[in-house]
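A.B. asks: Can you keep this structure in mind? I'll have questions shortly.
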Amino acid sequence: MERTLVIIKPDAVKAKHVGDIISIYENNGLSIENMKMMYANEELLKKHYEEHTDKSFYPSLVKFILSGKIVVMEIMGEDAVDKVREINGVTDSMKAEKGTVRNLYGTDIQQNAVHGSANSDDAKRELDIWSR
Ligand code: GDP
């Protein structure tokens, strides 16, 4: 059993897709172990997106994530990290495979509905950041 972090981003929360998205994970055999709705802040995002803080899109990404409430979830299941990444689809919503969360509920490369940890090390690191 593996644990991973999922964030439902403000675009999907505003569009009232929280329930739809949670159902997709549950229908794929994953369990929601912990969940909270909250506003992010710059300090949390700096830690969470540490690999992106120097990128040109970082200010825009922060502005987007701070634009509304998010849902932070700890998801558990067999192969949960890779399974969630597959369910979410690729980063750019316009290129995400049919039926993936980003294909269904994302808009573009930034407003892509969800975050899922990239690997098990990131999952542990991110679960720690958001559990405080
Ligand atoms: P992920 O692991 O699929 O979420 O992708 P990344 O770790 O590469 O990027 C983190 C987040 O930054 C993505 O989910 C997008 O919301 C945003 N992002 C990534 N690439 C770009 C980009 O080129 N432009 C903008 N505006 N946002 C981006």
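A.B. asks: Looking at ILE109, ILE70, ILE75, ILE129 in this structure, which one is open to solvent by less than 10 Å² (accessible area, probe 1.4 Å), of a type outside the set (Asp, Glu) and more than 14 Å from LEU30 (Cβ to Cβ)?
C.D. replies: On the way: ILE109 fails: open to solvent by less than 10 Å² (accessible area, probe 1.4 Å); ILE75 fails: more than 14 Å from LEU30 (Cβ to Cβ); ILE129 fails: open to solvent by less than 10 Å² (accessible area, probe 1.4 Å).
One residue alone meets the criteria, ILE70.
A.B. asks: What single numbered condition from (1) free of Cβ contacts under 8 Å to residues at least 60 places away in the same chain; (2) hydroxyl-bearing (Ser, Thr, Tyr); (3) more than 9 Å from the ligand (Cβ to nearest atom) fails to hold for SER120?
C.D. replies: Single failed check for SER120: (1).
A.B. asks: Output the residues belonging to region 80-94 that are over 10 Å from VAL114 (Cβ atoms), more than 11 Å from the ligand (Cβ to nearest atom) and either open to solvent by less than 60 Å² (accessible area, probe 1.4 Å) or not hydrophobic (A, V, I, L, M, F, W, C) (or both).
C.D. replies: ALA80, VAL81, ASP82, LYS83, GLU86, listed by residue number.
A.B. asks: Would you check which residues across region 33-74 are in a helix (DSSP H, G or I), within 14 Å of the ligand (Cβ to nearest atom) and touching a residue at least 24 places away in the same chain (Cβ under 8 Å) and list them? Spell out how you get there, then give the answer.
C.D. replies: First, pick out the residues of region 33-74 that are in a helix (DSSP H, G or I): 42-48, 50-52, 58-65.
Filter once more, keeping what is within 14 Å of the ligand (Cβ to nearest atom): 45-48, 50-52, 58-65.
Once the filter is applied, which keeps residues that are in a helix (DSSP H, G or I), within 14 Å of the ligand (Cβ to nearest atom) and touching a residue at least 24 places away in the same chain (Cβ under 8 Å), region 33-74 yields LYS47, HIS48, SER60, LEU61, PHE64, ILE65.
A.B. asks: Could you tell me which residue of region 29-59 is farthest from the chain's Cα centre (by Cα), considering only residues that are open to solvent by 70 Å² or more (accessible area, probe 1.4 Å) and polar (S, T, N, Q)?
C.D. replies: SER56
A.B. asks: Please go through region 75-114 and give me each residue that is of a type in the set (Ser, Thr, Tyr) and not in a loop (DSSP other than H, G, I, E, B), ordered by number. Spell out how you get there, then give the answer.
C.D. replies: Initially, region 75-114 is screened for residues of a type in the set (Ser, Thr, Tyr), giving 91, 93, 100, 105, 107.
Listed by number, the residues that qualify are SER93, TYR105.
The values are calculated or read from the model by the stated rules, or taken from the named source; none is laboratory data. These numbers come from a predicted model, not from an experiment. Positions of Cβ are generated from backbone atoms using ideal geometry, with glycine treated the same way; all protein chains shown enter the neighbour counts. Quick note on the areas: whole protein, heavy atoms, side chains included, nothing else; ligands and nucleic acids left out. Shrake-Rupley method; radii C 1.70, N 1.55, O 1.52, S 1.80 Å.
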